[in-house]
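*Asks:* The structure is given below, and queries will be raised subsequently.
The values are calculated or read from the model by the stated rules, or taken from the named source; none is laboratory data. None of these values were measured; they are calculated from a predicted model. No Cβ is skipped: glycine too gets one built from the backbone with ideal geometry, and neighbour counts run over all protein chains shown.
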Amino acid sequence: MKKISMILMAFALAMMMSQCKKNEGQLTSNDEVVTITLDVKQNNGSKVVVNPNTGTVDFETSDKIYVGSGSKYVGFLTHNGTNFSGNITNPTENQPLQFYFLGNVTPQETLSVGTTEECSVIISDQTEHLPVISCAASNENYVSGVTAYSAHLLNKCALVKFNVTTPSNSPICVTGMKNKVTVDFTQNTMTPSKDGEGVIMLPAGSGENVEKWVILLPQEALEEGGEGSVYSESGSCSGIRPEIPAITENGYLAEGISLTIGCGSIPVGAIKGLFSVSDTKQVYFSKGNLQYQANTNTWRFAELQWNYVGGTLSDGYNYGNVGGSSNNSISSTYSGWIDLFGWGTSGYNHGAECYQPWSISSSYNHYYAYGFFNFNLNDETGMADWGFNPISNGGGQENMWRTLTKDEWEYVFDTRSTSLGIRFAKAKVNGVKGVILLPDNWDSSIYGLIHTNEAGTTYNNTISGSEWTEFFESNGAIFLPAAGKRNGTSIESPGSFGHYWSASYHIDYNFFSCNLTFSDIYNYTSFLSRNNRYEGLSVRLVCNAE
């Protein structure tokens, strides 16, 4: 197999001592600052394009190599067009130096010389360059006064070709891939993992069997993905990811993996079932409840329909099935995910005092859409609606999704005509309580449900996760989990009550907006209800069917 090869030879030019005073990461007079210049072996081509005929990779100006020593980050070296040079601080005597090339991608963390023990990069976006990942230890131990060191960088990735057939000129996204690398300076390791949906974004370009080269991280072979596991960034086209062979370090897959993407009517991030919301309009529902991550300002749909974040109640037990996240921790810097939002908290400044997803004010008038009590979310500019945001796994386009109005929710549950008259049923899916919505063309021969179209029942249909995938989701069914609600930072009734916002304000009460509510306690004759605008409820978005 052909290899991506790089030879790194290092020669130290000088050594100098710092006389600065150390204060919160600043150097002291005892710190040893070593200036190192690294001579890099050059081949034809460049790192940006990567030579697919040979698999060779070259460095370019401004590329960085991060250096570790003594279980800490000690500095970085920058390529100046000829070689690498830079300062490292306090290298450990009689130990090798550790070199990490991270594809010229900026680490997610802020690196501090002498204190940082771990950093990571995400290599999803490969539309402009190929982020080759490699590392090595120096061939010689560091010794004070010795000025020459060398190392042979070993690639921790593979160069892979995809043969893409698509009518879309947008970049193509492939999901399910390991796309994150974590460097542990304490153990001198580089570990690949999957961030979010595991997206690798290929360069733009349409046609039949268009060659697109990418960098993939080591992972086991992947089975064929589901509908929408590959899609265009514009959200107009989607397809199914084929089987992916096992990816090994320093691999070179030049034969090409075929991807076929078509432009159809089903939006990226949607379940294929059609639901009438009026006599003349149908919609697709998103594949999961809306979620938000504050520290990256990222919106996404839950990976599975029964996923909800939940939170910790007064009994100390954590309710929810999105690991590492909690709605109790809502803040402007929270790195976990939240999925309970005050009304109109889209993140766009549409005129409300509280418009950010993390807003927790207890004043209902802070949540007036566009600054007035009698505006709906989709009035004016529409920017008060959460669906105005680009959704990372929902096509990534602004104003592609929207929230149902009160009348539309009512039409879905109580009015629309379906093939056999079946519209909804309360159930437990994979152990999670909630409500199943059946598409307009649902055939009861697919799976028998009891107490259909009955709002005043308990969650009395029990469906396993595999049954849901095989019989329900594949045939367009929607599941709304009972994710509870939030009041300030307190979580109420997760796993028992479901509360979903509509885009409609309540015409009789300024402090209320209309929503969908269900539980196994009250005998509802209808799911339509109202909640105070400052309460955090679930959001399930839809996309109009063309």
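*Asks:* Could you tell me which residue of segment 360-395 is surrounded by the most Cβ atoms within 10 Å (Cβ to Cβ), considering only residues that are within 26 Å of the chain's Cα centre (by Cα) and among the hydrophobic types (A, V, I, L, M, F, W, C)?
*Replies:* Only one residue tops the list, namely Ala384.
*Asks:* Something else now. Take the residues of segment 200-243 that are of a type in the set (Asp, Glu) and touching a Pro at 6+ places or on another chain (Cβ under 9 Å): which is farthest from Glu128 (Cα to Cα)?
*Replies:* Glu224
*Asks:* I've got another one for you. Quick one: what pairs do we get from segment 231-249, first residue polar (S, T, N, Q) and buried (at least 23 other Cβ atoms within 10 Å of the Cβ), second assigned to a strand (DSSP E or B) and at pLDDT below 90, C-beta under 6 Å, 6+ apart or different chains?
*Replies:* Hits for this filter: Ser238/Gly228; Ser238/Tyr231.
*Asks:* Can you name the residue in segment 308-318 that is surrounded by fewer than 23 Cβ atoms within 10 Å (Cβ to Cβ) and more than 15 Å from Asn487 (Cβ to Cβ) and is also nearest to the chain's Cα centre (by Cα) among such residues?
*Replies:* Of the residues in segment 308-318, the ones surrounded by fewer than 23 Cβ atoms within 10 Å (Cβ to Cβ) are 312-318.
Filter once more, keeping what is more than 15 Å from Asn487 (Cβ to Cβ): 315-318.
Details: Asp315: 31, Gly316: 28, Tyr317: 27, Asn318: 23 Å.
Residue satisfying both the conditions and the ranking: Asn318.
*Asks:* Please work out which residue is nearest to Lys156 (Cα to Cα), limiting yourself to segment 250-270 and to residues that are touching a residue at least 40 places away in the same chain (Cβ under 8 Å) and part of a loop (DSSP other than H, G, I, E, B).
*Replies:* Per the criteria, the residue is Asn250.
*Asks:* Do we find that Thr333 is surrounded by fewer than 19 Cβ atoms within 10 Å (Cβ to Cβ) and closer than 14 Å to Ser493 by Cα in this structure?
*Replies:* In short, no.
*Asks:* Do we find a residue being among the acidic types (Asp, Glu), more than 16 Å from the chain's Cα centre (by Cα) and not in a loop (DSSP other than H, G, I, E, B) anywhere in segment 233-249?
*Replies:* There is no residue in segment 233-249 that is among the acidic types (Asp, Glu), more than 16 Å from the chain's Cα centre (by Cα) and not in a loop (DSSP other than H, G, I, E, B).
*Asks:* Shifting gears a bit: Please go through segment 345-359 and give me each residue that is more than 26 Å from the chain's Cα centre (by Cα), buried (at least 19 other Cβ atoms within 10 Å of the Cβ) and not aliphatic (A, V, I, L, M), ordered by number.
*Replies:* Across segment 345-359, there are no qualifying residues.
One line per residue, one yes/no per condition, for (1) in a helix (DSSP H, G or I); (2) under 16 Å from Gly288 (Cβ atoms):
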| position | (1), (2) |
| --- | --- |
| Ser419 | no, no |
| Val435 | no, yes |
| Asn441 | no, no |
| Glu454 | no, no |
| Thr469 | yes, yes |
| Arg486 | no, no |
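*Asks:* Turning to a different aspect of this structure: Is it true that Val74 is farther than 28 Å from Leu216 by Cβ and part of a strand (DSSP E or B)?
*Replies:* yes
*Asks:* Looking only at segment 348-370, count how many residues are hydroxyl-bearing (Ser, Thr, Tyr), part of a helix (DSSP H, G or I) and touching a residue at least 60 places away in the same chain (Cβ under 8 Å).
*Replies:* Restricting attention to segment 348-370, the residues satisfying the condition of being hydroxyl-bearing (Ser, Thr, Tyr) are 348, 355, 359, 361-364, 367-368, 370.
If we keep only those that are part of a helix (DSSP H, G or I) too, we end up with 364, 367, 370.
With touching a residue at least 60 places away in the same chain (Cβ under 8 Å) added as a condition, the list becomes 364, 367.
Of the residues in that region, 2 qualify.
*Asks:* Scanning segment 261-274 for residues that are within 14 Å of Ser474 (Cα to Cα) and surrounded by fewer than 23 Cβ atoms within 10 Å (Cβ to Cβ), which turns out modelled with the lowest pLDDT?
*Replies:* It comes out as Ile266.
*Asks:* Only one of (1) modelled with pLDDT of 80 or more; (2) of a type in the set (Lys, Arg); (3) out of contact with any strand residue (DSSP E or B) (no Cβ under 7 Å at 6 or more places or on another chain) is not met by Lys64, so which one is it?
*Replies:* Checking Lys64 against (1) modelled with pLDDT of 80 or more; (2) of a type in the set (Lys, Arg); (3) out of contact with any strand residue (DSSP E or B) (no Cβ under 7 Å at 6 or more places or on another chain), the one that fails is (3).
*Asks:* If we keep just the residues of segment 80-109 that are surrounded by 22 or more Cβ atoms within 10 Å (Cβ to Cβ) and not aromatic (Phe, Trp, Tyr), which is nearest to the chain's Cα centre (by Cα)?
*Replies:* Leu102
*Asks:* Moving on to the next point. In segment 488-546, what residues are of a type in the set (Lys, Arg) and part of a strand (DSSP E or B)?
*Replies:* Of everything in segment 488-546, just one residue is of a type in the set (Lys, Arg) and part of a strand (DSSP E or B), namely Arg530.
*Asks:* Among the residues of segment 139-175, how many are buried (at least 21 other Cβ atoms within 10 Å of the Cβ) and in a strand (DSSP E or B)?
*Replies:* 12
*Asks:* Then there's this: In this structure, does Gly342 turn out to be on the phi > 0 side of the Ramachandran plot and either modelled with pLDDT under 95 or surrounded by 16 or more Cβ atoms within 10 Å (Cβ to Cβ) (or both)?
*Replies:* no
*Asks:* Of everything in segment 385-408, what is free of Cβ contacts under 8 Å to residues at least 60 places away in the same chain and not in a loop (DSSP other than H, G, I, E, B)? Give them in sequence order. Let's see the steps before the verdict.
*Replies:* Narrowing segment 385-408 to residues free of Cβ contacts under 8 Å to residues at least 60 places away in the same chain: 388, 398-399.
Within segment 385-408, Phe388 is the sole residue that qualifies.
*Asks:* What number of residues within segment 275-297 are crowded, with 17+ Cβ neighbours inside 10 Å and either out of contact with any strand residue (DSSP E or B) (no Cβ under 8 Å at 6 or more places or on another chain) or of a type outside the set (Ser, Thr, Tyr) (or both)?
*Replies:* 12
*Asks:* Please state which one of Ser69, Ser120 is buried (at least 19 other Cβ atoms within 10 Å of the Cβ), under 13 Å from Phe185 (Cβ atoms) and among the small types (Gly, Ala, Ser).
*Replies:* Residue meeting the stated conditions: Ser69.
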